[in-house]
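The values are calculated or read from the model by the stated rules, or taken from the named source; none is laboratory data. Values in this document were obtained by computation on a predicted structure and should not be read as measured data. For neighbour counting, all protein chains shown are included, and Cβ atoms are generated from backbone atoms with ideal geometry for every residue, glycine included.
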Amino acid sequence: MTRNIIVLDTTLRDGEQVPGAKLNVHQKVEFAQQLKRLQVDMIEAGFPASSQGDFQAVQEIAKSVGDAVSITALARAVKSDIDAVYHSIKLAQDPFIHIVLGTSNIHVDKKFNRSKDAVLQMGVDAVKYAKTLLPRVQYSTEDASRSDFEYLWKTIEAVVKAGATIINVPDTVGYAVPEEFGELIRKINERLKNLNEDVILSVHCHNDLGMATANTLAAVKNGAEKVEVTINGLGERAGNTSLEEVVMGLKVRENYYNCSTNIKTTELLRTSKLLTYLTGLDVQVNKAITGENAFAHSSGIHQDGLLKDKQVYEIISPEDVGAESMELILTARSGRHAFKNAVERMGFDTGDAADFEALFEKFLALADSKKEVYDHDVYYLVTNHRALQQ
Ligand code: KIV
Ligand code: ZN
């Protein structure tokens, strides 16, 4: 049976922590509206205790899209943070409080300088307090992937008994590898389902070793029911798990994962572009799914194969992620077939055989001089050729 995976977008909280990615309230609301069109299930809108501006942004997002999307915001395990979250999200229809507290020895010793039992009690008290405000509370065991398993489990057990309804397992510093992270999630899931089968198991990965998507998918394969992701993988350091990669991974390999999401994939590219426009941070050209070259094919052999049947070299239709049409970047190695296709796709008549041959010679001369030939080059080539014929 296909499982539906809950998608929480944290671009406006974890993503926005990136230097240079600061958005104003208006921009955040605009982006949240696009996330609603993308049909994410949940938005983590910010960290309201961090500043008055963040509080206001979370509040505006809750008001503007909280009718259709579940809204949360981040709190440390302290009363004032939890109060700030509650007051900023309470106008949404389905709000929940997100509490984070570390479970690794490094966090317990170096960050809190308290005993493990004392830190665990802080978490339990925070959940109990949050439950007096809202029925749904997410608890994140920060740095879970570097934590001692029995202490991690002891914490999860205690906060679930205190009322946590979502357990989020973060790979905070991107240290995990897929097999190991998948196994961690399998073990937690097995115990969690025995403890309380209604509690949702969630994961949140970072990309320090370039494995955030692989770790997230390994977690899904091993029972995770919710994924925390950002558009374009935006996030501190090497970033977070990219929403578009996980969603398309689950879609393209549906038979393998037996999972689906509610994401409207035809909105993916638009969402990615809006984020780059708002933040000024471009994605790398070869980025999976949303990079400029993600659907561009430049070798002659690939272009010829694609033109015979797209499935030869394409596992995702560009239209599925909202790309208007497949762009073939032409080079001196592109054959007549690819060039003719480009000319026709732009609405030009390719003329008789001799005329086309003359045009193709001009194309080869141009391609030799400038490596890649784009649509605007083809446009110039054809119009110039026609003008000389007048
Ligand atoms: O990376 C992390 O551990 C986080 C938590 C707040 C979930 O961002
Ligand atoms: Zn994070």
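Only helices (runs of 4 or more DSSP H) wholly contained in segment 197-308 count here; list those with 1 or more residues that are buried (at least 21 other Cβ atoms within 10 Å of the Cβ) and among the hydroxyl-bearing types (Ser, Thr, Tyr).
Values: elements: 212-221, 243-252, 254-257, 268-279, 300-308.
Once the helices (runs of 4 or more DSSP H) in segment 197-308 are filtered for at least 1 residues that are buried (at least 21 other Cβ atoms within 10 Å of the Cβ) and among the hydroxyl-bearing types (Ser, Thr, Tyr), what remains is 212-221, 268-279.
State all residues of segment 38-53 that are charged (D, E, K, R) and closer than 15 Å to residue 261 by Cβ; if no residue qualifies, say none.
To start, the set of residues in segment 38-53 that are charged (D, E, K, R) comprises 41, 44.
Matches in segment 38-53: 41 only.
Specify which of the listed residues (65, 7, 78) is among the aliphatic types (A, V, I, L, M) and surrounded by fewer than 18 Cβ atoms within 10 Å (Cβ to Cβ).
Exactly one residue qualifies, and that residue is 78.
Out of all the residues in segment 41-62, is one or more of a type in the set (A, V, I, L, M, F, W, C), in contact with a strand residue (DSSP E or B) (Cβ under 8 Å, 6 or more places away or on another chain) and away from ligand 1 (no atom under 16 Å from the Cβ)? Can you show your working first?
Start the filter on segment 41-62 by keeping residues that are of a type in the set (A, V, I, L, M, F, W, C), which leaves 42-43, 45, 47, 49, 55, 57-58, 61-62.
Right, trim to in contact with a strand residue (DSSP E or B) (Cβ under 8 Å, 6 or more places away or on another chain) and you get 42-43, 45, 47, 49, 58, 61-62.
In the following step, the residues that additionally are away from ligand 1 (no atom under 16 Å from the Cβ) were identified as 61-62.
Looking for residues that are of a type in the set (A, V, I, L, M, F, W, C), in contact with a strand residue (DSSP E or B) (Cβ under 8 Å, 6 or more places away or on another chain) and away from ligand 1 (no atom under 16 Å from the Cβ), one finds at least one in segment 41-62, hence yes.
Any residue at all in segment 187-195 that is more than 14 Å from the chain's Cα centre (by Cα) and within 16 Å of ligand 1 (Cβ to nearest atom)?
Quick first cut of segment 187-195, residues more than 14 Å from the chain's Cα centre (by Cα) only: 187-195.
Subsequent filtering for residues that are within 16 Å of ligand 1 (Cβ to nearest atom) retains 188.
Looking through segment 187-195, at least one residue is more than 14 Å from the chain's Cα centre (by Cα) and within 16 Å of ligand 1 (Cβ to nearest atom).
For the structure I just gave you, tell me whether residue 79 is modelled with pLDDT of 95 or more and more than 19 Å from residue 28 (Cα to Cα).
On the way: modelled with pLDDT of 95 or more: yes; more than 19 Å from residue 28 (Cα to Cα): yes.
Yes, satisfied.
Is it the case that segment 29-51 has a residue that's more than 16 Å from ligand 2 (Cβ to nearest atom), closer than 16 Å to residue 247 by Cα and hydroxyl-bearing (Ser, Thr, Tyr)?
Taking every residue of segment 29-51 in turn, none turns out to be more than 16 Å from ligand 2 (Cβ to nearest atom), closer than 16 Å to residue 247 by Cα and hydroxyl-bearing (Ser, Thr, Tyr).
Failed condition for residue 178, given (1) surrounded by 22 or more Cβ atoms within 10 Å (Cβ to Cβ); (2) under 26 Å from residue 234 (Cβ atoms), with all others met?
If we test residue 178 against (1) surrounded by 22 or more Cβ atoms within 10 Å (Cβ to Cβ); (2) under 26 Å from residue 234 (Cβ atoms), just (1) comes out false.
List pairs: first in segment 278-302 and free of Cβ contacts under 8 Å to residues at least 60 places away in the same chain and farther than 22 Å from residue 342 by Cα, second of a type in the set (Gly, Ala, Ser) and in a loop (DSSP other than H, G, I, E, B), Cβ under 6 Å, 6+ apart or cross-chain?
If the second residue must be of a type in the set (Gly, Ala, Ser) and in a loop (DSSP other than H, G, I, E, B), the pairs left are 283/291; 284/291.
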